[in-house]
Amino acid sequence: GMFFLHALASRRKRLEEESDEEGLASLPVVECYEKSASPGGVWRSPSSLTDDGVSLPKLRSVSPKSAADVAADISDCDEVDHDGQREVGNNGDDHDVNKAREAEVLDTSGAAAAYDGDTTATTSGASTQMYEALWINGNKEVQEFFDYTFDAHFQKAMPVYLPRKDVLDYVMKRVTRVANIFDSVNLNTAIVGVEYCSTRKVFDVRIRDEITGSVTTKQFDKCIWSGGLNARARIPTDITDMLESQKFQGRVIHSTEMKDFEATVRGKRVMFVGDSYSAEDLALQSLKLGAERIYITS
């Protein structure tokens, strides 16, 4: 999401320098919604939301739309697409029959709403929170931006693998060099539903203010999902069913639920299901935090 906004800001600056009024007029008006209280995505950790040396952008509120206006908009739309399945109705009530389908849409929070028909158990609550010991698992040069080098940012030699804090600092500095892209980001807001109206040819997007709980509706011509691959914690139900059937008494957590991780693993025998990057990071962190023994299965 922030890279898209950065690219847009860069193009706007270039067009302004060229005095290209026609090009400037053709640029889209963009609004971005982020469920978390601060930017950073997976590189932001729960215990350091404000101590990463990154200035948090000013919070933006969502302009409310009256119930009468929303009802008038919906009544104009006779056909609504729900993820490829079409519902036909004559009033707003008819368009709410499949709310369960309105999951995992346009929520850049890191934690989408639960989906009734899903085959995996999901976590609930606030946005995804990555573990403190998150590191990149590949050569940092592979992730280096062509227009903003590591040398230019850090002004010193850096190790091959970078920790979470350094990556966050590097990314945030790069995307705010041209302009404050977060002027168009509404923090503390979640997308709870998206419907495409084929009559009006717009997307009706329902937005929830995470502070007040109020839900409003706005219309957009295009919608872009930019929540990344880490937008939803998933634990296969066959695993949870097996643990329940065998009367497992320990705690089951996902790699995105790292609150109080030290208290969870200290002095305990810990099994990791999966043996990829997160398992590597968390297994080492568990040992450092005093876990009695580590088991890894794939």
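The table below gives the values:
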| quantity | calculated |
| --- | --- |
| Pair list, Cβ under 7 Å, 6 or more apart: segment 137-158 residue within 19 Å of residue 281 (Cα to Cα), other residue open to solvent by 90 Å² or more (accessible area, probe 1.4 Å) and assigned to a loop (DSSP other than H, G, I, E, B) | 140/161 |
| Pairs with Cβ under 8 Å, 6+ apart, first in segment 226-237 and open to solvent by 40 Å² or more (accessible area, probe 1.4 Å) and of a type in the set (Val, Ile, Thr), second at pLDDT below 70 and outside any strand (DSSP E or B) | 237/119 |
| Any hit, segment 205-225, residues being closer than 30 Å to residue 273 by Cα and surrounded by fewer than 17 Cβ atoms within 10 Å (Cβ to Cβ) | yes |
| Selection within segment 4-20 - assigned to a helix (DSSP H, G or I) and either touching a residue at least 40 places away in the same chain (Cβ under 8 Å) or open to solvent by less than 90 Å² (accessible area, probe 1.4 Å) (or both) | 4, 5, 6, 7, 8, 9, 10, 12, 13, 15 |
| Scope segment 179-202; condition open to solvent by 50 Å² or more (accessible area, probe 1.4 Å) and closer than 21 Å to residue 32 by Cβ; matching residues | 180, 183, 196 |
| Residues of segment 135-150 satisfying the condition of being assigned to a loop (DSSP other than H, G, I, E, B) and either on the phi > 0 side of the Ramachandran plot or within 21 Å of the chain's Cα centre (by Cα) (or both) | 136, 137 |
| Sole exception among (1) touching a helix residue (DSSP H, G or I) at 6+ places or on another chain (Cβ under 8 Å); (2) over 22 Å from residue 285 (Cβ atoms) for residue 199, by number | (1) |
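Residue-by-condition table, conditions (1) of a type outside the set (Gly, Ala, Ser); (2) modelled with pLDDT under 80:
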{"site": "7", "(1), (2)": "no, no"}
{"site": "11", "(1), (2)": "yes, no"}
{"site": "39", "(1), (2)": "yes, no"}
{"site": "43", "(1), (2)": "yes, yes"}
{"site": "46", "(1), (2)": "yes, yes"}
{"site": "74", "(1), (2)": "yes, yes"}
{"site": "85", "(1), (2)": "yes, yes"}
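The values are calculated or read from the model by the stated rules, or taken from the named source; none is laboratory data. Predicted, not measured: the structure shown is a model, and the values here were computed from it. Neighbour counts are summed over all protein chains in view; Cβ atoms, including those assigned to glycine, are modelled from backbone coordinates with ideal geometry. Side chains included, ligands, DNA and RNA excluded: accessible areas come from the protein's heavy atoms. Shrake-Rupley method; radii C 1.70, N 1.55, O 1.52, S 1.80 Å.
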